[in-house]
Amino acid sequence: MVVGFEKAVSATKSVVTSAKKAPTTLSSDRVINFARGDPTMYESYWRQMGEKCTVVISGHNLMSYFSNAGHFCWFLMPELDRAIRRLHCVVGNAVVDDDRYIVVGNGSTQLFQAVLYALSSSYDPDTEPLSVVAAAPFYSSYPEETEFLRSGLYKWAGDAYSFDKDGAYIEVVTSPNNPDGAIREAVVNRDGGKLIHDLAYYWPQYTPITGKADNDIMLFTFSKATGHAGSRIGWAIVKDIEVATKMVKFMELSSIGVSKESQLRAAKILEMISDDCQNSAPDKEENFFEYGLRLMSDRWEKLREVVKRNGVFSLPKYPQDYCNFIGKYTDPSPAFAWLKSKDGLNCDNLLRELKIVTRGGTNFGVDSNYTRISMLSPDEEFNLLLERLSAIQGTIINGNN
């Protein structure tokens, strides 16, 4: 990382003129990394919860592979199944009726691989691999995750907007979208297509909840819902039992299930959130989603003000919508800022000159004048980001392509 950063800096000298450095609370030599979506900003909230989410596990507990041997997803803890269904009902962001099947995974990344296997394994192996597409800008890891196993069942086929091949295909629909926060629908819409809906950010702190998602395959992740990325818990809500069963088979062969300790921790936290959301006491404190929305809204307001002042970048504008969970109109506050350089320069390289590491637009299937910035960092780092962005004043010259 340091070597790559130094190369980026040396390649982008003389990019900003008339720059005025604002005072910083941290060392001006420190490299701050906003390329990752590590949701550590929620740590202060969970610290305030104290022992409310503590789970005690004795040495003789949870020793078997099996959580429910008679269940199709035999490694899914019943406690987590109930907690997931309850939270979705409380928030109102997904249909979780009894005819929907929950598959738990080691984060949504493993579930994505499991879905690709489940949807492609029924096709004739003698034909060419099934095409996997997503509309640009798409999540930067989709191409690598699709190609990583070098499967003969499926292959990455790029931008859904330019996909013109006949026959079966898989389209990944991310909504709200990573990286740009847009609400998405399927693009290809042709016979033979299968859809995967990645709804990792369809929670009230990021976007208004306008209705219950009711798609064939929906992916969610504990990391973005609550901030607990280290527990490595994700879940899929699936309509078709055959697809769900094939996903479970993939999980069985790749990791023999999912940690019970992580599942119990996730269940405890999800239940606590549901309890707080349903607390009708007049003196109740704000629940987790209200806290998250307040924090994200404040960050977006500050970032938009900085971007407006420096005149070098632009940010997407999002329409207000009525959030059924909050009970009023709210502004979207995406987990990532999709920053664009107004002069068409390499936005990622430009920010690296200020020792801000981001993830450039080419990783998401678009031009280099875009870059993605995480909005989920700790307060100290986010404030330093604002200070450094505020320092960009003046005219950009010489280019940095």
Report task. Examine segment 190-200 for a residue that is surrounded by 15 or more Cβ atoms within 10 Å (Cβ to Cβ), modelled with pLDDT of 95 or more and in a loop (DSSP other than H, G, I, E, B), and state whether such a residue exists. Result -> yes
Query raised in the report: Does Pro78 qualify as being in contact (Cβ under 8 Å) with a residue 12 or more places away in the chain and either open to solvent by 50 Å² or more (accessible area, probe 1.4 Å) or of a type outside the set (A, V, I, L, M) (or both)?
Result: no
Query raised in the report: Just wondering, is there one or more residues in segment 120-132 that are within 26 Å of Ser254 (Cα to Cα), modelled with pLDDT of 95 or more, assigned by the TED database to the domain that holds Ser259 and within 20 Å of the chain's Cα centre (by Cα)?
Result: yes
Query raised in the report: Does segment 216-223 contain any residue that is of a type outside the set (S, T, N, Q), without any contact (Cβ under 8 Å) to a residue 60 or more places away in the chain and open to solvent by 40 Å² or more (accessible area, probe 1.4 Å)?
Result: yes
Query raised in the report: Of all residues in segment 101-119, which are assigned to a helix (DSSP H, G or I) and either within 16 Å of the chain's Cα centre (by Cα) or of a type outside the set (Val, Ile, Thr) (or both)?
Result: Gly107, Ser108, Thr109, Gln110, Leu111, Phe112, Gln113, Ala114, Leu116, Tyr117, Ala118, Leu119
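Condition check ((1) crowded, with 19+ Cβ neighbours inside 10 Å; (2) hydroxyl-bearing (Ser, Thr, Tyr); (3) over 29 Å from Leu339 (Cβ atoms)) across all residues:
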residue: Gln113; (1), (2), (3): yes, no, yes
residue: Ala118; (1), (2), (3): yes, no, yes
residue: Glu128; (1), (2), (3): no, no, yes
residue: Ala134; (1), (2), (3): yes, no, no
residue: Phe148; (1), (2), (3): no, no, no
residue: Asp166; (1), (2), (3): no, no, yes
residue: Glu171; (1), (2), (3): yes, no, no
residue: Gly181; (1), (2), (3): yes, no, no
Query raised in the report: Taking segment 241-289 only, how many residues are acidic (Asp, Glu) and either part of a helix (DSSP H, G or I) or crowded, with 16+ Cβ neighbours inside 10 Å (or both)?
Result: 6
Report summary line: Residues in segment 43-54 that are over 18 Å from Ser223 (Cα atoms) and either in contact (Cβ under 8 Å) with a residue 40 or more places away in the chain or open to solvent by less than 50 Å² (accessible area, probe 1.4 Å) (or both) total 2
Query raised in the report: For segment 308-353, what are the residues that are part of a loop (DSSP other than H, G, I, E, B) and under 23 Å from Ser140 (Cα atoms)?
Result: Leu315, Pro316, Lys317, Tyr318, Pro332, Ser333, Pro334, Ala335, Lys342, Gly344, Leu345, Asn346
Query raised in the report: Taking segment 320-341 as the region of interest, how many residues are touching a residue at least 12 places away in the same chain (Cβ under 8 Å) and surrounded by fewer than 14 Cβ atoms within 10 Å (Cβ to Cβ)?
Result: 3
Query raised in the report: Of all the residues that make up segment 144-158, how many are in contact (Cβ under 8 Å) with a residue 60 or more places away in the chain and under 30 Å from Pro204 (Cβ atoms)?
Result: 0
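The values are calculated or read from the model by the stated rules, or taken from the named source; none is laboratory data. Model, not experiment: these values are computed from the prediction. When we count neighbours, we look across all protein chains shown, and the Cβ atoms used for this are built from the backbone with ideal geometry, even at glycine. For accessibility, only protein heavy atoms count, side chains too; no ligands or nucleic acids. Shrake-Rupley method; radii C 1.70, N 1.55, O 1.52, S 1.80 Å.
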